[in-house]
Structures are given as C-alpha cells and as structure tokens.
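Reading through the structure tokens given below for one structure.
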Amino acid sequence: MERTFIMVKPDGVQRNLVGEIVSRFEKKGLKLVYAEMTQVTEQLASEHYAEHKDKPFFKDLVGFITSNPSFAMVWEGENAIAIGRKMMGATNPKDSEPGTIRGDFGLTVGKNVIHGSDSQESAEREIALFAGGKPFVDYEKDEDKWIY
Ligand code: IDP
C-alpha cells in the first residue's frame, strides 16, 4: 500500500472545491487516513517548494500558498501516488485533460487548485513535513474487498 500527500490549495478552498476533490478520491477507492485544514507558514512553504527556490515564480508561489488556508490530506491505496497525479492532471491547466481536477477546475498555472506528491520520495518527505507527529487513523474499509 502506498501513501500520497494531497493538498487543496488556497484557491480550491476559497472556491469550495474541497468536497468535490475529497469525493473524487473517495469514489476512486483510495482511503483517507489524515486530513487537516491548515494555514501553511512561510517556513513550511519554503521547505515544501525548496526545489523551486531559484525559479522566477518562487516568491509568488510561496506568497500564494501562505495567503489563505489549505486542506492537507494523506490518501492510501495501491499506486496511490501515480493515481493521484493522474487525477490532478498536468501542472498547467492549459495542458490538463478534461476529467482531471486541474482540467476541470483550473485555468492558470499559478492557481491550479491542488498539490499531489510526484514520487515515493516526495510523498515521504511531504507527509513528514505536513503531518509528521500528527495522528493517523488506521482502519479497515469493508468496501476494500470490492476494490482489491
Ligand atoms: P506540480 O504541482 O504539478 O507538482 P511543480 O513543477 O512541482 O508542479 O510546480 C509546483 C507549483 O508551482 C505548481 O503546481 C504551480 O502552482 C507552480 N508553478 C509551476 N510552474 C510555474 C510557472 O511557470 N509559473 C507560475 N507558477 C508555476
């Protein structure tokens, strides 16, 4: 079983897309093991987006992600990381397919609604960064026997 870190960014929270996004992941068959409404700090944003620190959009990105609350989640399931990325769609909504979250709800790369881990390594790093030391809920879902 894999775990992936998924976060509805401030634009998604403000646009009332939290329920829609949670619903898509639930219906897909993934299991929610952690969720928190969170105000991302500048320190956390800088660590999370460290790979982009030399990019021209870094300042705007950190400013945006810290501007309002986000909704952080950890979803569990087989191939959860790759499936989460597929469900999100391409980084720039102009390239995201309809049916994906960014394809359906985003218009610009700066406000693309959702974040999701792109590899096992980043999933582990991001889960530790955002949810390290927080309580995870370990439970069985009866419907899993109809999914696996
Ligand atoms: P990802 O979110 O699909 O993993 P990354 O390349 O890791 O994409 O970029 C992180 C975030 O930085 C993107 O989701 C987007 O919000 C922002 N971003 C990426 N490229 C640009 C850009 O060229 N201009 C403005 N913002 C960008």
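No lab work stands behind these numbers, since they all come straight from the coordinates. This one's a predicted model, so the numbers in the text were calculated from it and none came from an experiment. In this analysis, Cβ positions are derived from the backbone assuming ideal geometry, glycine residues included, and neighbour counts consider all displayed protein chains.
For the reader, a short list of remarks on this structure follows.
- Close amide H pairs (under 5 Å, H built 1.01 Å from N) link Glu2 with Gly77, Glu78, Asn79, Ala80, residues at least 5 positions away or on another chain.
- Here the Karplus relation 6.51 cos²θ - 1.76 cosθ + 1.60, evaluated at θ = phi - 60°, turns the backbone of the stretch 4-10 into coupling constants of 10, 9, 10, 9, 7, 6, x Hz, with x for every Gly and Pro.
- Principal axis dimensions, the chain - Cα atoms, whole angstrom, descending: 47, 36, 26
- Around the amide H of Val40, modelled in the peptide plane, lie the amide H atoms of Ser70, all under 5 Å away and 5 or more residues distant in sequence or on another chain.
- Net charge over other residues, Cβ less than 12 angstrom from the Cβ of Ser96 (K, R count +1; D, E count -1): +1
- Inter-part distance where the stretch 67-130 and the stretch 19-59 are each reduced to a Cα centre, Å: 7
- Under Karplus coefficients 6.51, -1.76 and 1.60, residue-wise ³J(HN,Hα) of the stretch 88-102 in Hz, glycine/proline x: 5, x, 4, 3, 8, x, 5, 9, 6, 6, x, x, 8, 5, 5
- Only Lys, Arg, Asp and Glu carry charge here, each on its Cβ (+1 for the first two, -1 for the last two); on that basis the chain has a dipole of about 440 debye about its Cα centre.
- A Förster distance of 25 Å, applied to the separation of the beta-carbon atoms of Asp118 and Met37, puts the FRET efficiency at 0.60.
- Between helix 18-28 and the chain: long-axis angle, C-alpha atoms, 0 to 90°, nearest 10: 40
- Amide H contacts of Asp118 (H built 1.01 Å from N, under 5 Å, at least 5 apart or other chain): Ala123
- Taking 26 Å as the straight-line reach from the Cα of Lys27, the lysines in range (excluding those fewer than 8 positions away in the same chain) are Lys9, Lys86, Lys94, Lys111, Lys134, Lys141, Lys145.
- Placing a pseudo-label 7 Å from each Cα along the Cα-to-Cβ vector at Asn92 and Lys27 gives an inter-label distance of 2.9 nm.
- Taking each DSSP H run with n ≥ 4 as -39500 (n - 2.57) and averaging over every residue of the chain yields -10500 deg cm²/dmol at 222 nm.
- Only aspartates and glutamates eight or more places from Lys28 in sequence, or on another chain, were considered; those with a Cα closer than 17 Å are Glu2, Glu20, Glu76, Glu78, Asp104, Glu140, Asp142, Glu143, Asp144.
- For the chain, the relative contact order comes to 34 percent (Cα pairs under 8 Å, sequence separation of at least 6).
- Sequence-ordered 3J(HN,Hα) estimates for the stretch 80-85 from the Karplus curve with 6.51, -1.76 and 1.60 and θ = phi - 60° stand at 4, 5, 5, 5, x, 5 Hz, glycine and proline given as x.
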